[in-house]
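Visitor: Got a structure for you, questions after.
The values are calculated or read from the model by the stated rules, or taken from the named source; none is laboratory data. Given the structure is predicted, the values throughout are model-derived calculations rather than measurements. Here the Cβ is made from the backbone with ideal geometry for all residues, glycine too, and neighbour counts use every protein chain on show. Just the protein is used for accessible areas: all its heavy atoms, side chains included, with ligands, DNA and RNA removed. Shrake-Rupley method; radii C 1.70, N 1.55, O 1.52, S 1.80 Å.
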Amino acid sequence: MITNIPDYTDKIDWRTRVFDSLSYPTLILRPDRTIIAANLKFYERIGSPGERILGRTCKEIFFGGKCGNEIPCDGVKCTLDRCIREKNAQSVILTDVDQNGNKTWEERVFSPILGDEGEVSYVIESLRDITKVKTLEKQYSDVRQLIDKVVQSSVSAIMAADRKGEIILMNKAAEDLFDYSVQDANKINIEDFYPPGVAREIMGKLRDAGSGEVGKLPITKAKIVTRKGKEIPVEMTAAIIYEEGRETATAAIFNDLREKQAVQKKLEEAEMQLFQSEKLASLGRFAAGVAHEINNPLTSILLYGTLMQEKLGESHPLEENIKFILEDTERCRDIVKNLLAYSRQTRPTKEIFYLNDLVAEGLRLIRDKKLFMHVDVVKRLEEHEIAVNADKNQLCQVLINLITNSLDAMNAGGTLTLQTYRDTEKKKAFLEVSDTGNGIPKENLAKVFDPFFTTKELGKGTGLGLSMAYGILKENHGRISIKNTGSEGTTVLLELPEEDLSGKSHFVSIG
Ligand SMILES: Nc1ncnc2c1ncn2[C@@H]1O[C@H](COP(=O)(O)OP(=O)(O)OP(=O)(O)O)[C@@H](O)[C@H]1O
Ligand SMILES: [Mg+2]
């Protein structure tokens, strides 16, 4: 028997003091729900210190005796009963409304006190006001829901990945841009969204103090890769997300640049077109003036030269000189004719004809067949005939020039492709002349439609072919443009309004 243990109790009833010092309102109940003890905090909690608590049941105290079927007092769901049955701590969260009408939350924790036989002799019930925690939780979840809505409704693609690069967030715009569904997210790594090496490069920039603020990537142009492997230009920003100084994730925002770039390109093209047509208009006026002035003297030279040739007769020693003079004068007259066509001084004579017939006619009229010696001619003609209403002679001239240009560009051989097609919606007819020649250098592109611009040797080209074609197409309500050019060849595109033949029975077929 232990005899000499000092008395540390200081003659105080510790059990009562400990019970009253608990920071939560607490009751001790018998298994039949009779309250046998309540601490000070409990009296504070119910707000009436004088009220008789002991000897009454929890039902009476909390529910005014109404137990009914209301949770938690229906016997099955009663947490106290469960605590007794299972002989371990149980808890329940109850909600209420305070006198100001605000919702309150209280957690009730039931802990069993076991007797010598292991049976539940008493139950300690402590009441914890968790309104603050619940309110914060609710506010947090409201904010989270709001952020979620903002992220999901953003037109920018937003994505986040963890440290291993696995996707942890993807909004609707990102699903659309990358062509992935959020369900696939766990199968994808952030590296799959960029061309090889780009994801690492971006991470390098994010961590590099030299590229701006560490952990932040300023607006940067980049390319992303979709599920089907298509590369899309984007403008993006990214940030590393830190928790207690450690990198935990990265987030990025992407904006598709395709539409913006297409608009930019269209704008540049329109500006170029305007510049080109203004330049050509002033050159046209100048050319028309010169052509008019030269036309009359040329007619006289031809007239008097021909008279002189007749007078001298074929055997005269100067006959050959006169022949050369007349030949070169005729060449000058052709140039003047072309200049007048370019400056739209000649009115087009319109008629309806098929575009495919124009192709056949253009090819037939190229007299110098040796030009085709090393060239394969491919015709890709629209099955359904496309009718146009235009000056067929002028358009034939245009086509002959385009074919000649292509043949000149392929003097070492190649393929000449003539293609016709239509856009029924826009009611447009198209004719493309493509070659596999050496292409037009970038610095010449803006000049090829200028009169007298040629890269051909003296006497081979006057540089009037394309400028004339420009004038003719404009006069016939069409358009000529260089669709593509580069080391793989050139494609020139002619556009004309398509003629609607329904209801018309007569038109001219050429070829
Ligand atoms: N298919 C083409 N491939 C490469 N260059 C071309 C092509 N078509 C035109 N060019 C370039 O554009 C220039 C102008 O062409 P354009 O038809 O107006 O004149 P040209 O062919 O030189 O002379 P002309 O047509 O009066 O005989 C050419 O000299 C050539 O440099
Ligand atoms: Mg030419």
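Visitor: Once the piece of chain linking K216 and R30 is laid out straight, how much longer is it, given 0.36 nm per residue of separation minus the C-alpha distance between them?
Guide: Working: separation 186, 0.36 × 186 = 66.96 nm, distance 6.26 nm.
In short, 60.7 nm is gained.
Visitor: If I take R0 = 56 Å and measure r between the Cβ atoms of T248 and V377 in this structure, what FRET efficiency does the formula 1/(1 + (r/R0)^6) give, to the nearest 0.05?
Guide: Details: r = 65 Å, r/R0 = 1.17.
After rounding to 0.05, the efficiency reads 0.30.
Visitor: Calculate the spin-label point distance for E44 paired with H292, positioning each point 7 Å from the Cα along the beta-carbon direction, and give it in nanometres.
Guide: Simple spin-label model gives 10.8 nm for this pair.
Visitor: Something else about it: Over the stretch 77-146, with the other protein chains present, what is the accessible area per residue in square angstrom, probe 1.4 angstrom? If you can, show how the numbers build up before the last one.
Guide: Details: 4630 Å² over 70 residues.
Roughly 66 Å² per residue, with all protein chains present.
Visitor: Looking at the chain, what % of its DSSP beta bridges pair antiparallel, to the nearest 5? Intermediate values should be presented prior to the final figure.
Guide: On the way: 80 of 86 bridges.
Percent antiparallel among DSSP bridges in the chain is about 95.
Visitor: Counting only heavy atoms of the protein chains, get the accessible area per residue of the stretch 393-511 (1.4 Å probe) and round it to a whole Å² value. Write down the numbers at each step before the final one.
Guide: On the way: 5780 Å² over 119 residues.
Accessible area per residue: 49 Å².
Visitor: Starting from 0.36 nm per residue, how many nanometres of slack lie between H316 and K350 once their C-alpha separation is accounted for? Working shown, then result.
Guide: On the way: separation 34, 0.36 × 34 = 12.24 nm, distance 4.62 nm.
Between H316 and K350, full extension yields 7.6 nm more.
Visitor: Count the lysine pairs in the stretch 230-322 that are 8 or more places apart or on different chains: how many have C-alpha atoms under 28 angstrom apart?
Guide: On the way: K230/K260; K230/K265; K230/K266; K265/K279; K266/K279.
Eligible lysine pairs with Cα atoms under 28 Å apart amount to 5.
Visitor: Quick one: helix 131-153 against the long Cα principal axis of the chain, what's the angle to the nearest 10°, folded into 0 to 90?
Guide: The answer is roughly 10 degrees.
Visitor: Could you calculate the contour length gain from R15 to A239, that is, 0.36 nm times the residue separation minus the distance between their Cα atoms, to one decimal place in nm? Intermediate results must be reported in sequence, preceding the final value.
Guide: Values: separation 224, 0.36 × 224 = 80.64 nm, distance 5.72 nm.
Here the segment from R15 to A239 would lengthen by 74.9 nm.
Visitor: Using label points projected 7 Å from each Cα along Cα→Cβ, tell me how many nm separate N484 and V150, to one decimal.
Guide: 4.7
Visitor: Per DSSP H run of n ≥ 4, the term is -39500 (n - 2.57); total these for the chain, divide by its residue number, and report the mean residue ellipticity at 222 nm rounded to 500 deg cm²/dmol. Walk me through the numbers before you get to the answer.
Guide: Values: 12 runs with 188 residues, N = 511.
Counting only the DSSP helices, I get -12000 deg cm²/dmol.
Visitor: Express the carbon and sulfur contribution to the solvent-accessible surface of the chain as a percent, rounded to the nearest whole number, probe 1.4 angstrom.
Guide: Working: 16780 of 31690 Å².
Reported share for carbon and sulfur atoms: 53 percent.
Visitor: Counting only heavy atoms of protein chains, what accessible area per residue, in Å², does the stretch 154-256 have with a probe of 1.4 Å?
Guide: Numbers: 5840 Å² over 103 residues.
Result: 57 Å² of accessible area for each residue.
Visitor: Assuming a strict under-23 Å limit between Cα atoms, what lysine pair count do you get for the stretch 14-127 once near-sequence pairs (fewer than 8 apart, same chain) are dropped?
Guide: 9
Visitor: Sort the stretch 365-419 into rounded, prolate or oblate with this rule: let a ≥ b ≥ c be the square roots of the eigenvalues of the Cα gyration tensor; rounded if a/c is under 1.5, and if a/c is not under 1.5, prolate when a/b is larger than b/c, oblate otherwise. Display every interim value, and only then the final one.
Guide: On the way: a/c = 2.74, a/b = 1.53, b/c = 1.79.
Since a/c reaches 1.5 but b/c is at least a/b, the shape of the stretch 365-419 is classed as oblate.
Visitor: On a 24 Å Cα-Cα criterion, which of the cross-link pairs K337/K456; K350/K426; K223/K447; K369/K392; K164/K223 come out too long? Mind dumping the intermediate values first?
Guide: Working: K337/K456 20 Å; K350/K426 21 Å; K223/K447 33 Å; K369/K392 22 Å; K164/K223 21 Å.
Beyond 24 Å between Cα atoms: K223/K447.
Visitor: Keeping all protein chains in the complex and leaving out DNA, RNA and ligands, what accessible area do you get for V151 with a 1.4 Å probe, in Å² to the nearest 10?
Guide: Spelled out: V151, probe radius 1.4 Å, area about 30 Å².
Visitor: How far, in degrees from 0 to 90, does helix 465-475 lean away from the longest principal axis of the Cα atoms of the chain, to the nearest 10?
Guide: 70
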